[in-house]
Amino acid sequence: MFNFGFTEMLLIAGMALIFIGPKQLPHIAKIIARTLNEFKRATADITKPLADIKNEITHEAQALRDATQKSTEWIGEEADKVTGKINKSVEAVEKKLLEDPNGADS
């Protein structure tokens with residue numbers, strides 16, 4: 001959690017022993033340990049729901065991407081079908097015009 005080396009920890013322990021005293025040092029250490037444990041539990045209680053929400057949002061986003069991809073593919077397929085029908089109609093009209101250049105006038 002904190003990036004203290006052995007010498008820093010020894011220095012802090014020595015200063016605590018001098019300023020707090022040998023009688024109160026164990027009591028203060030227990031209070032600090034309890035406070036750190038409560039802090040860890042509180043952060044875990046906060047981070048787990050946030051991680052769950054993140055996972056749910058990620059899952060929903062992937063579902064939307066999949067649905068968008070399928071819709072895009074379907075639209076492309078339908079556009080190809082319509083384009084094919086239009087091309088056939090144009091070819092039929094061109095063929096009819098080539099066969100009978102005067103059209104319906106005769």
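Rule-based calculations on the coordinates, nothing more; no lab input. Just so it is clear, the structure is predicted and the values come from calculations on it, not from any experiment. FYI the Cβ positions are ideal-geometry reconstructions off the backbone, even for glycines, and counts take in every protein chain you see.
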_Charge-dipole axis of the chain as Lys and Arg at +1 and Asp and Glu at -1 on Cβ define it, positive-most pick from Thr35, Ala67, Leu11_ = Leu11
_Interatomic Cα distance distribution for the chain, bins of 5 angstrom, percent_ = 2, 9, 7, 8, 7, 6, 6, 5, 5, 4, 5, 4, 4, 4, 4, 3, 3, 3, 3, 2, 2, 2, 1, 0, 0
*Please turn the phi angles of the stretch 81-93 into ³J(HN,Hα) values with the Karplus equation 6.51 cos²θ - 1.76 cosθ + 1.60 (θ = phi - 60°), one per residue in order, whole Hz, x for glycine and proline.*
5, 5, 4, x, 5, 5, 4, 5, 5, 5, 4, 5, 5
*Alpha carbon centroid spacing (whole Å) that separates the stretch 40-106 from the stretch 1-35*: 65 Å
*Taking only Cα atoms, what is the 0 to 90° angle, nearest 10, from helix 6-20's long axis to the longest principal axis of the chain?*
50 degrees
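Just how many pairs of Lys in the chain have C-alpha atoms closer than 22 Å, counting pairs that are eight or more places apart or on different chains?
Details: Lys30/Lys40; Lys40/Lys48; Lys40/Lys54; Lys70/Lys81; Lys81/Lys95; Lys85/Lys95; Lys85/Lys96; Lys88/Lys96.
Lysine pairs satisfying the spacing and distance rule in the chain number 8.
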_the chain, helix-only ellipticity at 222 nm - DSSP H runs n ≥ 4, -39,500 (n - 2.57), divided by all residues, nearest 500_ = -31500 deg cm²/dmol
*Anyone know which of Leu64, Leu50, Leu25 comes out most mobile in the 10 Å Cα GNM of the chain?*
Leu25
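When the dipole is taken about the Cα centre of the chain, and only Lys, Arg (+1) and Asp, Glu (-1) are charged at their Cβ, what size is it in debye, to the nearest 20? All intermediate terms of the calculation are to be shown ahead of the outcome.
Values: 14 positive and 16 negative charges, 267 e Å.
The calculated dipole for the chain is roughly 1280 debye.
Of the chymotrypsin sites (Phe, Trp or Tyr not before Pro) in the stretch 1-41, which ones lie in a loop per DSSP and count no more than 16 other C-beta atoms within 10 Å? Don't skip to the answer; put the middle values down first.
Details: sites: Phe2, Phe4, Phe6, Phe19, Phe39; in loops: Phe2, Phe4.
Sparse-neighbourhood loop chymotrypsin sites (Phe, Trp or Tyr not before Pro): Phe2, Phe4.
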